[in-house]
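Taking it in order: structure first as structure tokens, then the write-up.
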Amino acid sequence: MATKTLIGPFTQLLPMSGLPVKGALKDDVIAVIDQGGILISEGQILTIAPFKDLLPEADEVHQLDEEVVGTPGFVDAHTHICFGGSRARDYALRNSGKTYLEIAKSGGGIWDTVVKTREATAANLSQGVIMRANEHLQLGVTTLEVKSGYGLSVEEELKMLRAIKTANAKTVVDLIPTCLAAHIPPKDQPGSPEQYLQQLSETLLPQIKAEKLSNRIDAFVEESAFSQKEIEPYFKTASAMRFDITVHADQFSAGGSAIAVKYNAISADHLEASSSKEIERLAQSSTIATALPGASLGLGCGFTPARKLLDAGAALAIASDHNPGSAPMGNLLAQASILGAFQKLSNAEVLAGITFRAAAALGLKDRGTLAKGNKADIIAFPTADYREITYHQGQLQPCAVWKNGIKVL
Ligand code: NIG
Ligand code: FE
């Protein structure tokens, strides 16, 4: 018989289970188990209950002696942590008043990272991903989506996705790879954006399937990237091949979210430029709206209308967008807490956005809540009051993290 391990007591335990994926959440929906315990076996959760009730069933006890609050491990559903180089120069130029276009023209922007990423070896890229994933782990992230999108050719995109796959085997964080070959039209490609996308459909997507590198396709739908018309045939092919679709949508101008909903995307991310029409459309759909406050902080622009999305009935996930250009910070809890302060989100909405709603944005049903059968991905914060987690805006960091039931921090 497999060993049953009891972890606890947690002064407060927040399973975050049984809550709806869509819509506003008041704080009184948060179920708190005082002096809670988690009984686990073979990396999975068996039971959540008061610690003392579980003691008779346990073969071994991992006793927590300090006051701690326990939550599900955080899920960061949108990052670009596979890259070469740095864009500190872009950041300084932006803050000195240069526009995005001026910076791109002077050798900065996404293309600068493409050049540096192409120069890096797959091994270098992997090492960077592992290092950054482990930094996220220290901050409580146990599942992390990682996009390609700085290769922008069939071979370079494959290099990135293979590097992410290698990194996944070398970090305890679960990395969920996404193909973002449709990030921007590559500057060095002689043909049109449509021809580039056609090449991806014919050559890259089948190879990704063959090597099992990813089951998710992302695209940046924006005036400076791909138009709605250009992207539609690519999404048609991707959906016929059973890829999950996610979209960089409505970041600077509205439009991407309509395409996301039309193609039944699993998530539409960014949405800083969404107006009431886009908000209503998302709310009526099953597409998760993912806010990326790290991009607002990095670019110095407004936040995603998270309050309005929730009040309209949309599902709101919150992710870091960690990338070298628009979102270099990469601290999910700090960013989600700050979004909460600016958008008037309850603790329930912030925590849901980085746990089970973020898991839903990745199509993962086995995590994001502390519920029977789920992965034993657990964080403990050194406090007796769960409200302290967002109150400290990221400065209160986990004192312990378990991944698949194994204590990794
Ligand atoms: O999510 N919006 C487009 N893509 C990224 C930025 C990537 C970059 O600037 O390197 C984003 O913000
Ligand atoms: Fe992004």
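The values are calculated or read from the model by the stated rules, or taken from the named source; none is laboratory data. All figures in this text were calculated on a predicted structure; none of them were measured in a lab. These accessible areas exclude ligands, DNA and RNA; they are computed on the full protein's heavy atoms, side chains included. Shrake-Rupley method; radii C 1.70, N 1.55, O 1.52, S 1.80 Å.
Side notes on the structure shown:
- What the chain shows is 39 Å² of accessible area per residue, with the surface traced by a 1.4 Å probe over protein heavy atoms.
- Partners for Lys209 among aspartates and glutamates (Cα-Cα distance below 17 Å; same-chain residues under 8 apart left out): Glu155, Glu156, Glu157, Asp218, Asp244
- Overall shape: oblate for segment 179-288, with the ratio a/c of the largest to smallest alpha carbon gyration tensor axis at 1.5 or above and b/c at least equal to a/b.
- Of all DSSP bridge pairs formed entirely within the chain, close to 40 percent run antiparallel.
- Extension gain (nm, one decimal) between Val172 and Asp34, 0.36 nm per residue minus Cα-Cα: 46.8 nm
- For the residue pairs Lys212/Lys365; Lys170/Lys308; Lys52/Lys165, the C-alpha atoms sit more than 31 angstrom apart in Lys170/Lys308; Lys52/Lys165.
- Anisotropy class of segment 17-60 from Cα gyration tensor, a/c 1.5 cut: oblate
- Along segment 385-398 the Karplus relation, 6.51 cos²θ - 1.76 cosθ + 1.60 evaluated at θ = phi - 60°, assigns HN-Hα couplings of 9, 4, 5, 5, 5, 7, 4, 7, 6, x, 6, 7, 10, x Hz to successive residues, with x for each Gly and Pro.
- Each residue of segment 133-138 was assigned a 3J(HN,Hα) from its phi angle through the Karplus curve 6.51 cos²θ - 1.76 cosθ + 1.60 (θ = phi - 60°); the sequence is 4, 5, 5, 5, 4, 4 Hz, with glycine and proline shown as x.
- Nearest-ten-degree value, helix 332-343 long axis tilted from longest Cα axis of the chain: 80
- Counting protein heavy atoms only, segment 75-361 has 54 percent of its accessible area on carbon and sulfur, 1.4 angstrom probe.
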